[in-house]
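See structure below.
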Amino acid sequence: MPILASDSETLFRLMKEVYPLAYSHFWVDKGDWYVYSQYSKENILKELSVENAAYYFVLYNDEIIGNFRFVWDEKLAGLSEEKQVKLHRIYLHQKTQGKGIGKKLLSWLEEKAKQKGYKIIWLDTMDEQPQAFEFYKKMGYTYHSHTFLPFDLLHKEVRKMSQVFKKLDKITH
Ligand SMILES: CC(C)(COP(=O)(O)OP(=O)(O)OC[C@H]1O[C@@H](n2cnc3c(N)ncnc32)[C@H](O)[C@@H]1OP(=O)(O)O)[C@@H](O)C(=O)NCCC(=O)NCCS
């Protein structure tokens, strides 16, 4: 279900619950600053207005349990393929993790990207979040490069973020 400008409050409330369950231990302030900055109405509207980007709520049993966003044509430095799509965010509520929803969403995006002629999907993932890191590995993503997040409130030992990518095969059918 696409996220609309009028959904900014719903998205904020969702992430105020979902984000700390996965990441509060990474932050001095339990992630409050991050959630308020990323999910302020202003930032949500800015992200919604980006051309070539898509932002969706994830529904499970008619309940909004997560969200994900991707950006067509955003490129990873050092990869030469022309047609790349970046998965910018994917967050599922803790109560619905491990049920195959993430896998389904990634497969859906991969299929969509292939049909549009895209060759690469890539994303940033934090090394110290094994749940996400292992998930992407399992889905066939491989390491490309890494950076360190500059946020002061983020504990130093969890700042490493890797860029991982997957080459999309040609459609065989
Ligand atoms: C990371 C996330 C998107 C994964 O989605 P999910 O629906 O929980 O994962 P799935 O149930 O689809 O799992 C897919 C595969 O990854 C594997 N996997 C998932 N979590 C894993 C873990 N912690 N360790 C090892 N493997 C894992 C599963 O075993 C499964 O493999 P299988 O198909 O062989 O059984 C989701 O858990 C999430 O939103 N987590 C919190 C927020 C977050 O960290 N987001 C990423 C931001 S970059």
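Would you mind telling me which numbered condition in (1) among the acidic types (Asp, Glu); (2) in contact (Cβ under 8 Å) with a residue 24 or more places away in the chain; (3) more than 9 Å from the ligand (Cβ to nearest atom) Asp73 fails?
Single failed check for Asp73: (2).
I'm trying to understand the selection: among the residues of the range 91-108, which are more than 6 Å from the ligand (Cβ to nearest atom) and in contact (Cβ under 8 Å) with a residue 40 or more places away in the chain?
His93, Gln94, Leu105
In the range 98-127, what residues are acidic (Asp, Glu) and in contact with a Lys or Arg (Cβ under 7 Å, 6 or more places away or on another chain)?
Selection gives Asp127 alone.
Out of everything in the range 77-108 that is buried (at least 19 other Cβ atoms within 10 Å of the Cβ) and hydrophobic (A, V, I, L, M, F, W, C), what residue ends up being farthest from the chain's Cα centre (by Cα)?
Val85
Does Val158 fit the bill of being more than 11 Å from the ligand (Cβ to nearest atom), modelled with pLDDT of 95 or more and touching a helix residue (DSSP H, G or I) at 6+ places or on another chain (Cβ under 6 Å)?
Yes; evaluated as a whole, the condition is true for this residue.
Out of (1) touching a residue at least 12 places away in the same chain (Cβ under 8 Å); (2) outside any strand (DSSP E or B); (3) surrounded by fewer than 18 Cβ atoms within 10 Å (Cβ to Cβ), the odd one out for His144 is which?
For His144, the exception is condition (2).
Just give me the residues in the range 9-53 being among the hydroxyl-bearing types (Ser, Thr, Tyr), farther than 17 Å from Phe70 by Cα and in a helix (DSSP H, G or I), in sequence order.
The answer is Thr10, Tyr19, Tyr23, Ser24, Tyr34, Tyr36, Ser37.
Mind listing whichever residues of the range 117-132 are free of Cβ contacts under 8 Å to residues at least 60 places away in the same chain and either part of a strand (DSSP E or B) or away from the ligand (no atom under 12 Å from the Cβ) (or both)?
Selection gives Gly117, Tyr118, Lys119, Ile120, Ile121, Trp122, Leu123, Asp124, Thr125.
Take Val85 and decide whether it is within 30 Å of Asp7 (Cβ to Cβ), among the β-branched types (Val, Ile, Thr) and out of contact with any Gly (no Cβ under 6 Å at 6 or more places or on another chain).
So Val85 passes the test.
Is it the case that the range 101-118 has a residue that's of a type in the set (A, V, I, L, M), in contact with a Leu (Cβ under 8 Å, 6 or more places away or on another chain) and under 17 Å from His25 (Cβ atoms)?
No, because not a single residue in the range 101-118 is of a type in the set (A, V, I, L, M), in contact with a Leu (Cβ under 8 Å, 6 or more places away or on another chain) and under 17 Å from His25 (Cβ atoms).
The values are calculated or read from the model by the stated rules, or taken from the named source; none is laboratory data. Note that the coordinates shown come from a computational prediction; the quantities given were computed from them, not determined experimentally. Every residue, glycine as well, gets a Cβ built from its backbone with ideal geometry; the counts of neighbours run over all protein chains shown.
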